[in-house]
Amino acid sequence: MGLNSDHIKKYGKTVASIAVILFLILSLVLISKIIPLTSRGSLRVSFLNVGWGDSAIIITPENKVIVVDGGNNYNNLAKNLKARGVKEIDLVILSHPHKDHLGGLVELVDRYPVKKVVEPAFPFKGSELYTEFLKNIRKNDIKYQIVRDGDRLNVGDVKVDILAPEKIYKGSGTDANNSSIVTKIRYKDFDILMTGDIQGAGIKDLKDNRDELPAEIIKISHHGEESGTPKELLIYVDPKEAIISTAPNNSLGFPEKAVLDRLKDSSVRIWRTDFQADIELVSDGKTYEIWPESF
Ligand SMILES: [Zn+2]
């Protein structure tokens, strides 16, 4: 049977209908990716690719800004703040004074309007960088607070609960890491656990806070070093997503296989800055979306 004009009309209509449906599906996919980023009422978090180090920018639904650690250098952090339209920072959290966390913050507190800095005040003797950081805070008259387990901060609708350190640890080569600030960032029913580089004794004390540990997202401690993520901690936190901030082919071999295995065994999705660059996240306080920059 040959095609008559009715067949051609029908065929044309079907093609047009399929095209409309495909267009609608594509629009929905694009809208679902774009709307959370631009709409008000969402928490936005960027776990930055800073090579070996940690840095995260948190923008609250009211456009208040929290920076947790600054990576090794200011330029990378400044570029990322500019790209996100940040003009002033409400809260800077230094987890501990090692350069891969402090490096970018030293110039930040001198060049950006910063309202408040919190840090553990680990006695990091002989560190010029840390001395300069404290000097810049004083010079710019920035509010400064030493925080400990139990302290609570509010940044608009977002709560920042300090779960560690309980105290400054002394007596081992990992004292500065063990004394890391661990924060739970809370927006409505959505929680992120930021663990700094906590290890050993610090982890032991952190586990005393087990009731406060559950979080959808965990920033894995110490670039994926084994002792920073014991199995017991994962049981208490019960995360769905884990962010590992580390450099490609680093000499320490972090993240360690044991950590990756523990996360896989607990069915936690793994996101890595060394493979996927920045890890972006938005949440309305109930659900969330997470995706890598390389997506
Ligand atoms: Zn580190």
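Any read-out appearing in this document is the output of simple, stated calculations on the displayed coordinates, not a laboratory observation. Model, not experiment: these values are computed from the prediction. Positions of Cβ are generated from backbone atoms using ideal geometry, with glycine treated the same way; all protein chains shown enter the neighbour counts.
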Residue among G173, G224, G103 with the largest mean-square fluctuation in a Gaussian network model of the chain, springs linking Cα atoms under 10 Å:
G173
Give me the mean projected area, in nm² to one decimal, of the convex hull enclosing the Cα positions of the range 70-117.
2.9
Filter the cross-link list K207/K286; K184/K204; K159/K204; K82/K219; K116/K231; K167/K264 down to pairs whose alpha-carbon distance in this structure exceeds 27 Å.
K116/K231; K167/K264
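Among DSSP bridges having both ends in the chain, what percentage is antiparallel? Round to the nearest 5. Mind dumping the intermediate values first?
Values: 33 of 53 bridges.
Bridges in the chain are about 60 percent antiparallel.
Multiply the residue gap between K79 and N140 by 0.36 nm, knock off their C-alpha separation, and tell me the result in nm, one decimal place. Intermediate results must be reported in sequence, preceding the final value.
Details: separation 61, 0.36 × 61 = 21.96 nm, distance 2.17 nm.
So the chain would gain 19.8 nm between K79 and N140.
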Could you work out which residue, out of L252, L260, L134, moves most in a Gaussian network model of the chain, that is, has the largest mean-square fluctuation with Cα springs under 10 Å?
L252
Starting from the alpha-carbon convex hull of the chain, give the projected area averaged over all orientations, in nm².
19.9
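What ranking of T131, T60 emerges when the number of other C-beta atoms within 10 Å of each C-beta is taken as an exposure proxy, fewest first? Let's see the in-between values first.
On the way: T131 14, T60 20.
Ascending Cβ contact count within 10 Å gives the list T131, T60.
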Kirkwood Rh over Cα pairs of the range 82-178 into Stokes-Einstein at 4 °C, 1.567 mPa s: D in µm²/s?
90
Of K257, K167, K125, which is the most mobile in a GNM of the chain whose springs link Cα atoms less than 10 angstrom apart?
K125
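Mean separation of Cα pairs under 8 Å and 6+ residues apart, divided by the residue count of the chain: what relative contact order is that in percent?
Working: 634 pairs, mean separation 45.6, N = 295.
Relative contact order of the chain: 15 percent.
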Here the relative contact order (percent) of the range 197-295, from C-alpha pairs under 8 Å and at least 6 apart, is 22
Can you pull the one-decimal nm distance between simple spin-label points at S127 and I168, each 7 Å off the Cα toward Cβ?
1.1
Computed over the range 48-104: relative contact order in percent, which uses C-alpha pairs under 8 Å that are six or more apart:
39
Could you tell me the distance between the Cα centroids of the range 45-64 and the range 85-137, to the nearest Å?
15
